[in-house]
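Here the structure is laid out as structure tokens; the discussion comes afterwards.
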Amino acid sequence: LQSRFERLGELDDLEQAIAAQRRAVELTPERHLDKPIWLSNLGRSLQSRFERLGELGDLEQAIVASRRAVELTPDGHPNKAVSLIVLGVSLVAQLDQEKTKRNLDGALLCFMTASAHLVGSPSTRLKAARWAVRTLVDYPELSTPDKLMSAHTVTIGILPEIVWLGHSMKRRFEESGTAGSLVTSAVHAAITVNALSQAAEWLEAGRSFVWSQILSFRNPLDDLQKQHPDLAHRLRIVHDQLQSSAHTASYSDYVPATDHADHRRGLAIEYGHILAEVRRQSGFENYLRRKKLSALVSSSTSLNGDVAFLNMRRSRCHALIIRADCAATAVSLPKLSSRRAGKLRSQWLSYIEQHNARERGMVKAPPRNRCHLNDISAARILGRIWRWIVHPVLQALGLNERQSNGNRLPHITWCPTGSLTQLPLHAAGMYEDDAGRHVYDFVVSSYTPSLSALTRGVDAIAKQRPHPSVLVVTQPDTPKLPPLPGTVIEGERLQEVFTKSRIGCSALNRERATLATVRAVLDNHTWLHLACHGSQDLADPLQSAFSLHDGRLSLADLMTTTADNVELAFLSACQTAVGDEKIPEESMHLAAGMLAVGFKGVIATMWSIRDDDAPLVVEAYYKKLLELRASGTLGSGETGAAYALHDATKRLRENVGEKEFVRWAPFVHFGI
């Protein structure tokens, strides 16, 4: 009856539900195990009637029934958290009537106790934590910043349990969708009280749960192996089993879905037990836990430039900057809101669609009568990105002055979220003014899916910079797809460049570029160049793929590949860095996937590239990259890829014109 009332809104159903629940309470002995359940249900129904009719008597009776339910429920009972939430909601309603600190504290105690009730389900505990945050935000005059920060801390702490390793990859993506607004709210609260390190840690913790899980499987076990070889061996076995089960069985016709799910849950439980045992050992208490900001960047003092996280809320947005010296600072973006960001995204995607820029080789100009209007529109969008986002950040960092001739441009790494992931921040500027400023005049831009992905690459390169060995894969005539004759020219030019530079190069072309062959030799080369069709699967991002001769090399396939010795990848295909705000794990695209596989830097595309533009960019990129590598001017944590791409896109821009955004702006650099 209660459920039917909630569905249809018929008051008579609610009245009958209350009558039945009262009778159930009366007939149930005081110490019966089910009595707390009937009391809690009665309290919830009385609360519903109060919300409908506004009778304070109903609210008072709801509180009495719910409080008694809490008292009768043992502390270790799974239903305790649910009963506490029901009572807390009624106390919030009382708080609405009488705004006192006593009422606030009563409601908050219920929610915080429920969120800490480890026997309860993670979803129930998260619900309690969200109620705590909501109540504190709604009554700031009765609260303190410390209480709000504590509630956010609990919320962020529960999220990894929601995106549990034992769930299927699909469910983890779905569950991670609950994190977005919770994390941005927490980060905003931390920035407001100038707790910038905490804000950075929360933004990092909520940025990419699935990526963090994948990267944890690649965490070196050297220290654990030296001190506790048995634990290291057990952990490695479960690592490998979890990684191999993450994708393959989900798409198999031969393994029942229920069997695979049960097997994965069992592995995740075993993994949790082994990890707990590891953390009980001296010196391993924080093994594979989320790192503090100081720990994340302490070993990465050679970060090449600033890292800018962009945090969006409905009305207030900030850039949270991690400086090259590891200090944190916040920059307010007063002209940006989530609504404006969404509108910019829609306008930009419309511009891309008008140019048919979704598949390599298919970029074209729009009809002549619309071309001029489209270019003005694109210039206006990039101007707003400049004014609302990029320029305020550069100005705050003192990077808005042009460098003298010959001086190296500073470097900045962008970490956008939500709608901003599909905007070309690296191309922002005032193009409607001939003397207007552009971001590429002041800085070299890169992107990263997270700070940990960046520092992981920096640390690896700082320890060992491998001598280049290149694998070039080209597919000019993939079966059932449009031909890409430009990839032949691309491959020939690369052979010339590497031969002159005496760099080892292996080429796989046409029917030689098969799935099995590419996967087998991937770890034998430090650099990978893929010139082929690529596709982003918005329904299932793990099926985003490169099209090889005999099939699709998907992100799911790559994640099961071990490639510890690789350094740089150039993905000369379309849609290899396409983010989508509908995908909970916002950076779930091929470029970020290559970082997870083990590459330290990746060149990718935000939309389609012209088949005849790719050879020019590719040749210029590798020539500049090899020049930088030979110059000895790169820092210990640099690959040179960002500066090489900056130079290559400059050459293309000079050839085609700066307002041909659809041609020169798709190329982006991820990582280091």
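The values are calculated or read from the model by the stated rules, or taken from the named source; none is laboratory data. Computed from a predicted structure; not experimentally measured. For neighbour counting, all protein chains shown are included, and Cβ atoms are generated from backbone atoms with ideal geometry for every residue, glycine included.
Data overview
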| quantity | calculated |
| --- | --- |
| Selection within the range 36-62 - surrounded by fewer than 19 Cβ atoms within 10 Å (Cβ to Cβ), more than 13 Å from residue 14 (Cβ to Cβ) and without any contact (Cβ under 8 Å) to a residue 40 or more places away in the chain | 54, 57, 60 |
| Helices (runs of 4 or more DSSP H) completely within the range 120-225 that count 2 or more residues being over 26 Å from residue 310 (Cβ atoms) | 122-138, 145-162, 169-176 |
| Some residue of the range 10-17 being buried (at least 21 other Cβ atoms within 10 Å of the Cβ) and either more than 43 Å from the chain's Cα centre (by Cα) or free of Cβ contacts under 8 Å to residues at least 60 places away in the same chain (or both) | yes |
| Conditions (1) of a type outside the set (Lys, Arg); (2) touching a residue at least 24 places away in the same chain (Cβ under 8 Å); (3) on the phi < 0 side of the Ramachandran plot; (4) in contact with a Leu (Cβ under 8 Å, 6 or more places away or on another chain); number of the one not met by residue 551 | (3) |
| Some residue of the range 415-424 being crowded, with 24+ Cβ neighbours inside 10 Å, in a strand (DSSP E or B) and in the same structural domain as residue 321 (by TED's automatic domain parsing) | yes |
| Inter-residue pairs, beta-carbon under 7 Å, first within 30 Å of residue 533 (Cα to Cα) and of a type in the set (Gly, Ala, Ser) and in the range 331-358, second modelled with pLDDT of 90 or more and not in a loop (DSSP other than H, G, I, E, B), 6+ apart | 341/420; 357/662 |
| Qualifying strands (runs of 3 or more DSSP E) (wholly inside the range 490-600; at least 1 residues being surrounded by fewer than 21 Cβ atoms within 10 Å (Cβ to Cβ), in contact with a helix residue (DSSP H, G or I) (Cβ under 7 Å, 6 or more places away or on another chain) and modelled with pLDDT of 90 or more) | 504-509, 551-554 |
| Cβ-Cβ under 7 Å pairs, at least 6 apart or on other chains, the range 494-511 side touching a residue at least 40 places away in the same chain (Cβ under 8 Å), far side surrounded by 16 or more Cβ atoms within 10 Å (Cβ to Cβ) and of a type in the set (Lys, Arg) | 497/623 |
| Subset of the range 189-204 [surrounded by fewer than 21 Cβ atoms within 10 Å (Cβ to Cβ) and of a type outside the set (Gly, Ala, Ser)] | 192, 193, 194, 196 |
| Residue in the range 634-654 that is within 18 Å of residue 526 (Cβ to Cβ), of a type in the set (D, E, K, R), assigned by TED's automatic domain parsing to the domain that holds residue 492 and touching a residue at least 40 places away in the same chain (Cβ under 8 Å) present | yes |
